[in-house]
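Take a look at the structure below.
The values are calculated or read from the model by the stated rules, or taken from the named source; none is laboratory data. Computed from a predicted model, the values in this text were never measured in an experiment. As a convention, Cβ positions derive from the backbone with ideal geometry for all residues, glycine included, and neighbour counts pool all protein chains shown. Note: areas computed on protein heavy atoms with side chains; ligands, DNA, RNA excluded. Shrake-Rupley method; radii C 1.70, N 1.55, O 1.52, S 1.80 Å.
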Amino acid sequence: MVYRFKLVSDEVSNFAREYEIDSSATFLQLRNAILDSVGYSKEDFNSFFLCDEDWQKHEEITLEDMGSTSDQDIWVMGDTPLSELIEEDGQRLIFVFDYMTERAFFMEMKESFPGRSLSDPICLMKRGNAPAQYVDLDEFDAKIDQTAAQTLSADDLDLDIYDDNQYNEEDIAEGFDINNL
């Protein structure tokens, strides 16, 4: 069976890639196809995350076994065929390519083709330029701070900030009723 994935970035609006890859291929082969198609180095650590329909991360597929002592399953890219974790069209994944800044690509398995096979993954479509693989951390932090300041400006918040004369000690002693807030 062959899977078709679409990959996009939240950093570059006109960027997209589509890949076809055999279901028996490993996550490492998918990783390498992605990195090759966007021109990124393969020297860095990265991971895939299986996600729900709201892009919440669940299982992680790592480049290497990090020696976790938890009871959870450890999924390693080179040892895990796609078919082991990808079960249906619409499966969402996040591919974190920059762990320092949590920068990632968003992926969805768009379609599966039973009865077909591929020896190597192929990039079917390239649109736009990928975001830079590396960013200056100071510039990144400044951009995040600026975005946060714009999003959470004091004028937009409707908060009552208590000063020493505005709270009732009985409310504090009795506890708060969340329904009355």
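Could you say whether any residue in the range 3-10 is hydroxyl-bearing (Ser, Thr, Tyr), touching a helix residue (DSSP H, G or I) at 6+ places or on another chain (Cβ under 7 Å) and touching a residue at least 40 places away in the same chain (Cβ under 8 Å)? Taking every residue of the range 3-10 in turn, at least one turns out to be hydroxyl-bearing (Ser, Thr, Tyr), touching a helix residue (DSSP H, G or I) at 6+ places or on another chain (Cβ under 7 Å) and touching a residue at least 40 places away in the same chain (Cβ under 8 Å). With respect to (1) open to solvent by less than 20 Å² (accessible area, probe 1.4 Å); (2) under 26 Å from residue 128 (Cα atoms); (3) part of a strand (DSSP E or B); (4) not charged (D, E, K, R), the lone exception for residue 49 is condition (1). Residues that are in contact with a strand residue (DSSP E or B) (Cβ under 6 Å, 6 or more places away or on another chain) and over 28 Å from residue 136 (Cα atoms) do not occur anywhere in the range 93-100.
Could you grab me the full set of residues in the range 112-135 that are of a type in the set (S, T, N, Q) and open to solvent by less than 30 Å² (accessible area, probe 1.4 Å)?
The first filter runs over the range 112-135 and keeps only residues of a type in the set (S, T, N, Q), leaving 112, 117, 119, 129, 133.
133 - this is the single residue of the range 112-135 that is of a type in the set (S, T, N, Q) and open to solvent by less than 30 Å² (accessible area, probe 1.4 Å).
For the range 94-113, the set of residues classified as touching a residue at least 40 places away in the same chain (Cβ under 8 Å) and among the polar types (S, T, N, Q) consists of 112 only.
Within the range 120-138, residues that are on the phi > 0 side of the Ramachandran plot reach partners that are surrounded by 15 or more Cβ atoms within 10 Å (Cβ to Cβ) and of a type outside the set (Val, Ile, Thr) with beta carbons closer than 8 Å, at six or more positions or on different chains, in the pairs 128/15; 128/16. The C-beta contact set for the range 21-44 (first residue in contact (Cβ under 8 Å) with a residue 60 or more places away in the chain and assigned to a loop (DSSP other than H, G, I, E, B), second residue of a type in the set (Phe, Trp, Tyr) and open to solvent by less than 50 Å² (accessible area, probe 1.4 Å), distance under 7 angstrom, 6+ apart or interchain) comprises 23/3; 40/97.
Residues in the range 78-111 that are surrounded by fewer than 18 Cβ atoms within 10 Å (Cβ to Cβ) and part of a helix (DSSP H, G or I): 78, 79, 83, 84, 85. Hey, does the range 14-21 have a residue that's open to solvent by 40 Å² or more (accessible area, probe 1.4 Å) and under 20 Å from residue 127 (Cα atoms)? Among the residues of the range 14-21, at least one is open to solvent by 40 Å² or more (accessible area, probe 1.4 Å) and under 20 Å from residue 127 (Cα atoms), which makes the answer yes.
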